[in-house]
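Peer 1: This is the structure I have questions about; it appears just below.
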Amino acid sequence: GQAARPAGGPLRAGYIGGLSPQKGVHHLVAAVNRLPAAAVALSIYGDAGPFPDYVAGLRAAATHPGIRFPGRLSRAALWPALGGLDVLVVPTLWYETYSLIAHEAFAAGVPVVASRIGVMAEVVRDGVDGLLFPSGDEAALAGILRALAERPERLAALRAGIRPVPTLADHSRRLLSLYESLA
């Protein structure tokens with residue numbers, strides 16, 4: 001299960017994924033820059049290799065003391081990293097077809113704050129298991145993060161709204177019973 005956020009500590013936000021312009025990470029950095037130093041800590045996980053100039057720009061733009069760039073996450077490190085987050089942010093500017101990381105966040109019990117664009121608007125149930133904001137709207141994203149930082153009960157309500165994600169074993173059992181019913 002998800003450990004409760006330490007009382008009085010910052011909102012622990014994270015981004016996990018590609019570090020390229022269409023992923024909108026620069027808007028996330030700008031949104032966090034608007035918030036008080038103690039309000040939020042942001043970990044941006046991703047490989048700096050493919051777009052080094054973009055990542056250098058992100059680092060230069062990150063004036064908020066809580067923003068960190070821990071680097072690329074291995075598969076083995078994914079679950080511990082998600083376990084250390086209060087909220088996952090998916091600030092994409094691009095029409096994603098499927099967001100694996102959003103599903104993984106839900107499986108880890110972590111609410112998702114995402115751009116209201118493409119499939120994200122179907123994956124995240126706004127106000128139930130996450131929150132949506134207009135793609136590229138830094139002020140709206142900053143407002144959401146500020147509200148979650150100031151009102152832990154809102155975060156707890158979103159966490160409680162996450163549907164149980166079926167495990168592979170559950171899925172296999174359902175398939176097996178389906179096959180048996182057809183035999």
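Peer 1: From the phi angles alone, apply the Karplus equation (6.51, -1.76, 1.60; θ = phi - 60°) to the range 14-26 and give each ³J(HN,Hα) in whole Hz, x where the residue is Gly or Pro.
Peer 2: x, 10, 10, x, x, 9, 9, x, 5, 7, x, 5, 4
Peer 1: A further question on this structure: Considering Cα pairs under 8 angstrom that are at least six residues apart, work out the relative contact order of the range 1-112 and quote it in whole percent.
Peer 2: Rounded, it is 35 percent for the range 1-112.
Peer 1: Step through the residues of the range 37-52 one at a time and calculate ³J(HN,Hα) from phi using the Karplus curve (6.51 cos²θ - 1.76 cosθ + 1.60, θ = phi - 60°), rounding each to whole Hz and writing x for Gly and Pro.
Peer 2: 3, 7, 7, 8, 10, 10, 9, 10, 9, x, 7, 7, x, x, 10, x
Peer 1: Specify the residue with the greatest mean-square fluctuation among 47, 129, 170, computed from a Gaussian network of the chain linking alpha-carbon atoms under 10 Å apart.
Peer 2: It is 170.
Peer 1: Per residue of the range 83-89, in order, report the coupling 6.51 cos²θ - 1.76 cosθ + 1.60 (Karplus, θ = phi - 60°) as ³J(HN,Hα) in whole Hz, putting x for Gly and Pro.
Peer 2: Along the range 83-89, the couplings run x, x, 10, 8, 8, 9, 10 Hz.
Peer 1: Loop sites only, by DSSP: take the chymotrypsin sites (Phe, Trp or Tyr not before Pro) in the chain that have at most 16 other C-beta atoms within 10 Å and name the longest stretch containing none of them.
Peer 2: Here the longest segment lacking exposed loop sites spans 1-93.
Peer 1: So what is the 222 nm mean residue ellipticity for the chain from helices alone, if each DSSP H run of at least 4 adds -39500 (n - 2.57) and you divide by all residues, rounding to the nearest 500 deg cm²/dmol?
Peer 2: -12000 deg cm²/dmol
Peer 1: Show me the trypsin sites (Lys or Arg not before Pro) within the range 55-89 that DSSP assigns to loop and that have at most 13 other Cβ atoms within 10 Å of their Cβ. Intermediate values should be presented prior to the final figure.
Peer 2: Numbers: sites: 59, 68, 72, 75; in loops: 72.
Answer in residue order: 72.
Peer 1: Select from 164, 145, 132 the residue farthest towards the positive end of the dipole of the range 117-165; place +1 on Cβ of Lys and Arg, -1 on Cβ of Asp and Glu, and compute about the Cα centre.
Peer 2: The one lying farthest along the dipole's positive direction is 164.
Peer 1: Same structure, new question: Using modelled amide H (1.01 Å from N, peptide plane; none on Pro or chain starts), what sits under 5 Å from the amide H of residue 67, excluding residues fewer than 5 places away?
Peer 2: Residues meeting the criterion, in which the H sits 1.01 Å from N, are 42.
Coordinate-derived values only; no laboratory data. A quick note: this is a predicted structure, and the numbers were derived from the prediction, not measured. Cβ atoms come from the backbone with ideal geometry, glycine included; neighbour counts cover every protein chain shown.
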